[in-house]
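Worksheet: the structure to be examined is printed underneath.
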Amino acid sequence: MTDPQLNYLGPIPKALTYEKPRTPWWRRLPIGLLLVVVLPTLIAAIYFLLIASPRYVSESRFIVRSVSGSQVSPLGLVLQGAGLSPAQTDAFAVHDYVMSPVGLQDLRRRFDMRAILGPRGADIFSRYPRPGEKLSDEGMRKALHRFVTVGYDSTTGISTLRVEAFRPEDAQAVSVALLSGGEQLINRLNDRAAASAIAEAEANQDLARTRLAEAQQQL
């Protein structure tokens with residue numbers, strides 16, 4: 001007895017096979033990598049290469065020296081106990097002036113700050129005013145913080161002033177004006193300290209003369 005044999009030479013029916021459907025090409029893309037890395041990099045490249053206006057930097061370094069006296073005021077003792085020398089406090093006073101509304105007012109008396117911070121042709125994302133930014137004194141002061149920075153190196157005692165502008169001559173002019181205003185502030189502080197020291201010395205001299213006269217009367 002022979003076993004039956006089946007020989008089929010045609011194509012295999014689809015019902016007897018399983019073909020995995022092919023994933024579309026757009027689903028095989030790393031969406032997370034594109035959103036986190038590629039897209040921000042592309043946007044930054046487009047902005048800095050095609051949109052951003054060039055900005056020039058004027059960097060200045062200055063140091064504030066204090067005249068050491070034989071006597072130290074109680075305020076000086078407190079500052080020294082806190083780790084601050086008179087020179088450091090004067091440097092911080094200059095830093096505060098540079099970033100303060102008073103410094104901006106001095107600049108506006110000398111320059112057209114609106115034209116410096118927002119000249120024609122500057123990109124809308126870095127100039128003043130930016131989209132949504134108010135045209136006011138406070139808005140201009142906040143905008144100035146994007147163009148002016150000042151720092152202090154506690155090791156060397158040197159302060160660094162960086163001024164950015166869309167034109168190199170504007171950056172240099174603003175830097176020189178801020179340094180001049182800071183120097184005038186330090187001179188006023190020194191004059192006030194000198195006048196206070198002279199008044200205190202004269203008061204001590206008058207007190208000493210009074211005590212001397214009382215001692216002579218007793219004798």
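The values are calculated or read from the model by the stated rules, or taken from the named source; none is laboratory data. Since this is a predicted model, take the numbers as computed values, not measurements. Using ideal geometry, Cβ is built from the backbone for each residue, glycine included, and neighbour counts are taken over all protein chains shown. Please note that ligands, DNA and RNA were not included when accessible areas were found on the heavy atoms of the full protein model with its side chains. Shrake-Rupley method; radii C 1.70, N 1.55, O 1.52, S 1.80 Å.
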Study note, to complete from the structure: Conditions (1) outside any helix (DSSP H, G or I); (2) in contact (Cβ under 8 Å) with a residue 60 or more places away in the chain; (3) open to solvent by less than 10 Å² (accessible area, probe 1.4 Å) -> LEU107 fails only (1)
Point to revise | Complete set of residues in region 35-60 that are more than 23 Å from ARG127 (Cβ to Cβ) and surrounded by fewer than 11 Cβ atoms within 10 Å (Cβ to Cβ) | key: LEU35, THR41
Review point. Does ILE116 fit the bill of being more than 13 Å from GLU59 (Cα to Cα), touching a Pro at 6+ places or on another chain (Cβ under 7 Å) and open to solvent by less than 80 Å² (accessible area, probe 1.4 Å)?
Key: no
Practice item. Please list, ordered by first then second residue, the pairs with beta carbon atoms under 7 Å, 6 or more apart or interchain, first in region 129-158 and without any contact (Cβ under 8 Å) to a residue 12 or more places away in the chain, second aliphatic (A, V, I, L, M) and surrounded by 13 or more Cβ atoms within 10 Å (Cβ to Cβ). Key: GLU133/ALA143
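Here's the yes/no breakdown for (1) assigned to a helix (DSSP H, G or I); (2) hydroxyl-bearing (Ser, Thr, Tyr); (3) farther than 26 Å from ILE63 by Cβ; (4) open to solvent by 70 Å² or more (accessible area, probe 1.4 Å):
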{"site": "ASP123", "(1), (2), (3), (4)": "no, no, yes, no"}
{"site": "MET140", "(1), (2), (3), (4)": "yes, no, yes, no"}
{"site": "LEU144", "(1), (2), (3), (4)": "yes, no, no, no"}
{"site": "TYR152", "(1), (2), (3), (4)": "no, yes, no, no"}
{"site": "SER175", "(1), (2), (3), (4)": "yes, yes, no, no"}
{"site": "LEU179", "(1), (2), (3), (4)": "yes, no, no, no"}
{"site": "ASN187", "(1), (2), (3), (4)": "yes, no, no, yes"}
{"site": "ALA193", "(1), (2), (3), (4)": "yes, no, no, no"}
{"site": "ALA203", "(1), (2), (3), (4)": "yes, no, yes, no"}
